[in-house]
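Undergrad: This structure is in structure tokens; I'll ask about it shortly.
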Amino acid sequence: MNELQELAQDGTATQAFPQYWKRNTLVVDMQGAASTGKLTLKPRAGATWPVRLAFRVSPGTLGLIEVRADQRMLIPIRRMALSRGY
């Protein structure tokens with residue numbers, strides 16, 4: 001069962017993106033997301049938002065993640081992965 005409810009652009013409930021806990025952070029794996037469209041995430045009925053939330057994406061697939069809550073936040077996604085340079 002997903003912690004957050006997913007709604008497609010037309011309001012239809014989906015389960016397109018896996019959600020899992022990594023310690024105290026809920027990770028939403030959006031690596032399979034299309035480059036266009038809209039997805040709404042919200043807590044299930046009677047639940048609250050997780051304290052920590054992370055989005056896992058593939059570089060170049062999404063340009064921007066918009067978060068609207070008490071504050072609006074725009075998270076740009078890099079087109080290419082950073083080289084670690086170890």
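Undergrad: Measure of size requested: the Rg and Dmax of the chain, with Cα atoms as the atom set and Å as the unit; please supply both.
TA: When restricted to the Cα atoms of the chain, Rg and Dmax are 13.7, 46 Å.
Undergrad: Between residue 56 and residues 5 or more places away or on another chain, which pairs have amide H atoms under 5 Å apart, with H built 1.01 Å from N, and which residues are they?
TA: The answer is 28, 29, 30.
All of the numbers you see were taken from the coordinates with simple rules; none came from a lab. Bear in mind the structure is a predicted one, so any value in this text is a computation, not a measurement.
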